Amino acid sequence: MLNLERDLVFFDVEATGLHIIRDRIIQIAMIKHFRNGDSPKELCLLINPGIPMSEEAFKVHGISPSSLANKPTFQQVAQQIFDFIGEADLAGYNSNRFDIPILMEELNRYGFDFSIDNRRLIDMQRIYYKMEPRTLRAAYQFYCNKDLENAHDALEDIRATVEVLNGQLERYKDQDYTTDEGQVVSKPVQNNIQALHDFTNDLKTPDATQKFRYDAAGEIVFNFGKYINQNVAKILYEDRNYYHWILEKEFSIQVKKLVKKLLKEYEQNLKNNNEM
């Protein structure tokens, strides 16, 4: 039994490819665990992406374009997905780098402001790669002592992911973790959503596409382009053309929200300092 302070949605998506912005979701499966102890609720949808599917993606998940021809578009199911998740925390396997960012893009495309600012994000791949670096199939075998059949079917994958987390919680409940720098983290894999969030998120970068990173002082700096390693908020304030360029170009919705937030906070701080 997971120790929950609020609802937790495990989810997995299959897509037309691996590009967070250009590709589209073709299947989403979700299992919602409730903090009040109610039985988990499942939702699995096939979606017509409206764009071609890459051959590489088809080889991975085996979902053919013909099988999606009569399925609803994402626009038609966006409200259902948005309402199912609600205010829940999110969990998945490699979800921080792919599933969450592409879902944010899809929902934003149809007017849904899906924020992760106040959600805890649990990525079982991050636990696994830090403790036992392998694949989901190997993780399922390792932690659950079972063979994963129908891999890359979203619902089967996310069911296996739930079992993997429970296996990880049991296996590592008394185990410390040593970082590459030699720092010992005491028992990071525990039945606590905040602790799992902290352990599975990359605290060196605030966005999934790694366009920004934190410097030694904890400030957000550019991780690309002509302003690399410079303070993002300061540059956005001083170079409004660059700010608008980011908003207009093919950056993730997560990046665009972040630059808006950083600029607003910078301007507010300047105002407060001038009024002192």
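The values are calculated or read from the model by the stated rules, or taken from the named source; none is laboratory data. Since the structure is predicted, the reported quantities are computational estimates derived from the model, not experimental observations. So basically every Cβ, Gly included, is an ideal-geometry build from the backbone, and we count neighbours across all protein chains shown.
Let's see how each residue does on (1) among the aliphatic types (A, V, I, L, M); (2) touching a Gly at 6+ places or on another chain (Cβ under 8 Å):
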site	(1), (2)
Tyr110	no, no
Arg119	no, no
Met124	yes, yes
Ile127	yes, no
Met131	yes, no
Asn145	no, no
Problem - Residue match in the stretch 207-220 (condition: at pLDDT 95 or above, under 19 Å from Pro101 (Cα atoms) and among the aromatic types (Phe, Trp, Tyr)) - result: yes
Problem - Failed item in (1) part of a loop (DSSP other than H, G, I, E, B); (2) on the phi < 0 side of the Ramachandran plot; (3) charged (D, E, K, R), with Lys187 passing the rest - result: (2)
Handout entry: 1 or more residues modelled with pLDDT of 95 or more and farther than 20 Å from Asp157 by Cα: qualifying helices (runs of 4 or more DSSP H) within the stretch 1-101
Key = 74-85
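Residues checked against (1) free of Cβ contacts under 8 Å to residues at least 24 places away in the same chain; (2) of a type outside the set (S, T, N, Q); (3) not in a helix (DSSP H, G or I):
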| position | (1), (2), (3) |
| --- | --- |
| Leu196 | no, yes, no |
| Arg213 | yes, yes, yes |
| Ala233 | no, yes, no |
| Lys256 | yes, yes, no |
| Lys264 | yes, yes, no |
| Asn272 | yes, no, no |
Exercise for the section: Tell me, yes or no, whether the stretch 190-208 has at least one residue that is over 25 Å from Ala139 (Cα atoms), among the small types (Gly, Ala, Ser) and out of contact with any Ser or Thr (no Cβ under 8 Å at 6 or more places or on another chain). Expected result: no
Practice task
Mind listing whichever residues of the stretch 201-254 are hydroxyl-bearing (Ser, Thr, Tyr) and over 28 Å from Asp123 (Cα atoms)?
Solution key: Tyr227, Tyr237, Tyr242, Tyr243
Problem - Meets criteria (out of contact with any Cys (no Cβ under 8 Å at 6 or more places or on another chain), touching a residue at least 60 places away in the same chain (Cβ under 8 Å) and under 22 Å from Asn191 (Cβ atoms)) for Ala91 - result: yes
Problem - The one condition in (1) at pLDDT below 95; (2) assigned by TED's automatic domain parsing to the domain that holds Glu265; (3) under 24 Å from the mean Cα position of the chain (by Cα) that Val185 fails to fulfil - result: (2)
Handout entry: Every residue from the stretch 117-153 that is assigned to a loop (DSSP other than H, G, I, E, B), under 26 Å from Asp180 (Cβ atoms) and either without any contact (Cβ under 8 Å) to a residue 12 or more places away in the chain or aromatic (Phe, Trp, Tyr) (or both)
Key = Glu132, Pro133, Arg134, Thr135
